[in-house]
1. Here are some pairs, Lys3/Lys129; Lys16/Lys150; Lys125/Lys275; Lys105/Lys225; Lys16/Lys129; which of them have Cα atoms lying more than 28 Å apart in this structure?
2. Listed highest first by mean packing, meaning other Cβ atoms within 10 Å per residue, what order do 262-269, 202-209 come in?
3. Taking the Cα centre as origin and putting +1 on Lys and Arg beta-carbons and -1 on Asp and Glu beta-carbons, what dipole magnitude results for the chain, to the nearest 20 debye?
4. Does the range 114-175 come out rounded, prolate or oblate by the C-alpha gyration tensor, with a ≥ b ≥ c the root eigenvalues, rounded set by a/c under 1.5 and, if not, prolate when a/b is larger than b/c and oblate if not?
5. List the residues, sorted by chain then number, that are 5 or more residues from Asn53 or on another chain and whose placed amide H is less than 5 Å from its amide H.
6. Please state the relative contact order of the range 62-182 as a whole percent: Cα pairs under 8 Å, 6+ residues apart?
7. Between Asp246 and Glu200, what FRET efficiency comes out of the Förster formula 1/(1 + (r/R0)^6) with R0 = 51 Å and r the beta carbon distance, rounded to 0.05?
8. Amide H neighbours of Gly132 under 5 Å, at least 5 residues apart or on other chains, H built in the peptide plane: list them.
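The values are calculated or read from the model by the stated rules, or taken from the named source; none is laboratory data. Everything quoted here is computed from the prediction, not taken from an experiment. Backbone-built Cβ (ideal geometry, glycine too); neighbour counts: all protein chains shown. Just so you know, the surface numbers come from the protein's heavy atoms only, side chains and all, with ligands and any DNA or RNA stripped out. Shrake-Rupley method; radii C 1.70, N 1.55, O 1.52, S 1.80 Å.
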Amino acid sequence: MGKTAVVAIGGNSLIKDQDRQTVPDQFEAIRETCARIVSMIEQGWDVVIVHGNGPQVGFSLLRSELASHVLHAVPLDSCVADTQGTIGYMVQQCLQNEFRRRGIKRQAATIVTQVQVDKNDSAFKNPTKPIGPFYNKKKARKYSDEKGWKTIEDAGRGWRRVVPSPMPVRIIECEAVKTLVDQGLIVIAAGGGGIPVIEEDGELKGVEAVVDKDYASSLLAIGLKADLLLMSTAVEKVALHFGKPDQRLLDRMTLEEAKRYYEEGHFPPGSMGPKIQAIISFLERGGKKAIITNPENIESALLGETGTHIVP
């Protein structure tokens, strides 16, 4: 068995922009990212892929709403499960086609993954994660009254439903993922942060919530004792003072530096914050190394030529 890496791929790896959102468009985007992951596998890595699913869950919720006059509504946890299967199918097919092109005898498999959260997590009392389509104020109020949704005005673009985003505490299928990795399979797991479940009276039960993909990736990497946590995102390197005249790109950070920069407010909650927090958790619990870079620079980052490398 080689070195194990958990690779978290973000939305830009699945949907390039607002004009390219169809399933064929998503296949094209995933194909590019998978080619780079296969190059990583050629370098000797055993890879577990965790993907985002925000836009896809939004599409599922909108379809459910538009069809509500003829079909039952689909709960949020089922939407997450649906998109895990759909995106997993796309990723594993693209990987397998790339394996065939390069003459690599490997297989990829998707595990529909449940992620346990604490039913007493404070997030359930303070929903903050926007999901689904935008509404006008009248329709948002109607859904709040009829369905008990909490809605907020989102950056002047309209009103959206917000749901809890509790912290993950256990990857239910972690041992299954490990077994497949040990057998040499490339595994797609915990898609969209996993299907959020709580435990009640000794039984698991799905909840209307969203788990952050980055935190789930970190927890999975810890459970697998992975050698590397690689966060694929929209930027080549992490920056201090991002977007300002004194912006400074970082080639390397220690765990202590990452904590300090986070406390100083360099990594806001809506962008780089969750990635840095997830990496801090991974390194504090035995992780050896993390890298943040964009999909097109994965191979170069693994060779130490670019990306931001975070070490204990």
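1. Those over the limit are Lys3/Lys129; Lys16/Lys150.
2. Result, highest mean Cβ count within 10 Å first: 202-209, 262-269.
3. It works out to roughly 480 debye.
4. Cα axes put the range 114-175 in the prolate bin.
5. Gly192
6. About 25 percent, as a whole number.
7. Computed FRET efficiency for Glu200 and Asp246 comes out at 0.50.
8. Excluding prolines and chain starts, which carry no amide H, the hits are Gly58.
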